[in-house]
Every structure is written in C-alpha cells, then in structure tokens.
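What follows is calculated from the coordinates using simple rules that are stated; it is not laboratory data. Everything numeric in this text was worked out from a predicted model, so none of it was measured. All Cβ positions, even for glycine, are placed from backbone atoms using ideal geometry, and neighbour counts span all protein chains on display.
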Amino acid sequence: RKGKTPLPWKLRFKIAVGVAEALNYLHNGCSRPVIHRDVKSSNILLSDDFEPQ
C-alpha cells in the first residue's frame, strides 16, 4: 500500500501468535470444533493495540 508503513516483525509475530491461539481454541477448545474455512489477513480484526479479536 502506498504511503503506509509496514508493521514491524515483532508486532506481526504477536498478531500471528494471537491468531494461532484463537484457531487452536476453535479447533480444540470448544465442545464441537469450529472450522472457519476462510482465514486470511483481511478477515482478522485487530484492537487499537493490535490484539486479534
């Protein structure tokens, strides 16, 4: 994207770990596994401090 500064790798890693934990919960933590089928970066909501929601 023009004019946008890319996120630092440390922050990208934090987001990736949060998403992985959420997927693990959906697959293994629920009584019935939830399969999303459309996980991609544009479908991940982030809070103001970049925590995946």
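If packing is taken as the average count of other Cβ atoms within 10 Å, what order do 24-30, 13-19, 37-43 fall into, highest mean first?
13-19, 24-30, 37-43
Return one number: the angle in degrees, 0 to 90 and rounded to the nearest 10, between the long axis of the Cα atoms of helix 9-24 and the longest principal axis of the Cα atoms of the chain.
10
log10 I(q)/I(0), Debye, Cα-only the chain, no solvent, q = 0.32 Å⁻¹?
After summing over all Cα pairs, the log10 values are -1.30.
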